[in-house]
Amino acid sequence: MNVDPTPSNLTPVHDLITEAIASVEDSGTSCGYGIAIFPRTGRFEAPVFGVLTRGGESTTLTYRMLRNLMGHQVLISGKVLATLHDAMAFSPSRVPPPALLDQPALHIAFKCFISVGQGDMDQTMPLESTVFASELDAPIVLVMEERPQGWPR
């Protein structure tokens, strides 16, 4: 995997990741890995998703990385429980064709589980939202228990 150096304008985003992880750990939940998904320009100036890790590594979100992230529950901004998947999929079990795996992901879907308390999760309807790379204006910070396979530190 090619990992680009962290652009200087992403230093505040890195601070957001660190703060979100600290906030989650202060609440008693163990989350040792965090990322921010942000707007980035890809080949031919096309909008794609960039990823910045807690370790400071920056790269482009690919379908291979997204596939490895789909099995993990994440906390958006350290607060809202969610899962991610390819926005074109109608179920998380869809696997992109091998030819697409290393291509940049252009849209992602979040399934958010919002409830008052832990016991209410089964009684509330998950909220599904699709985000297109061309429409992302600000970073989305995600924290999780462990680093997904194949992701940079």
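Starting from residues that are touching a Leu at 6+ places or on another chain (Cβ under 9 Å) and assigned to a loop (DSSP other than H, G, I, E, B), keep the ones in region 100-145 and report whichever is modelled with the highest pLDDT. Write out each step before concluding.
Taking region 100-145 as the starting set, the residues that turn out to be touching a Leu at 6+ places or on another chain (Cβ under 9 Å) are 104-105, 108-115, 121, 132-134, 139, 141-144.
If we keep only those that are assigned to a loop (DSSP other than H, G, I, E, B) too, we end up with 105, 114-115, 139.
Details: ALA105: 88, ILE114: 81, SER115: 71, PRO139: 94.
By that ranking, first place goes to PRO139.
Is at least one residue of region 79-99 touching a Pro at 6+ places or on another chain (Cβ under 6 Å), among the small types (Gly, Ala, Ser), at pLDDT 80 or above and surrounded by 13 or more Cβ atoms within 10 Å (Cβ to Cβ)? Write out each step before concluding.
Here is the first cut: in region 79-99, the ones touching a Pro at 6+ places or on another chain (Cβ under 6 Å) are 85.
From the residues that got through so far, the ones that are among the small types (Gly, Ala, Ser) too are none.
No.
Residues of region 11-23 that are of a type in the set (A, V, I, L, M, F, W, C) and either surrounded by fewer than 14 Cβ atoms within 10 Å (Cβ to Cβ) or at pLDDT 90 or above (or both): LEU16, ILE17, ALA20, ILE21, ALA22. For HIS72, are the conditions met, namely being modelled with pLDDT under 90, within 16 Å of VAL143 (Cα to Cα) and not in a loop (DSSP other than H, G, I, E, B)? No; evaluated as a whole, the condition is false for this residue.
The values are calculated or read from the model by the stated rules, or taken from the named source; none is laboratory data. Quick caveat, the model's predicted, so the values are computed rather than measured. Methodologically, a virtual Cβ is constructed for each residue, glycine included, from the backbone with ideal geometry; neighbour enumeration extends over all protein chains shown.
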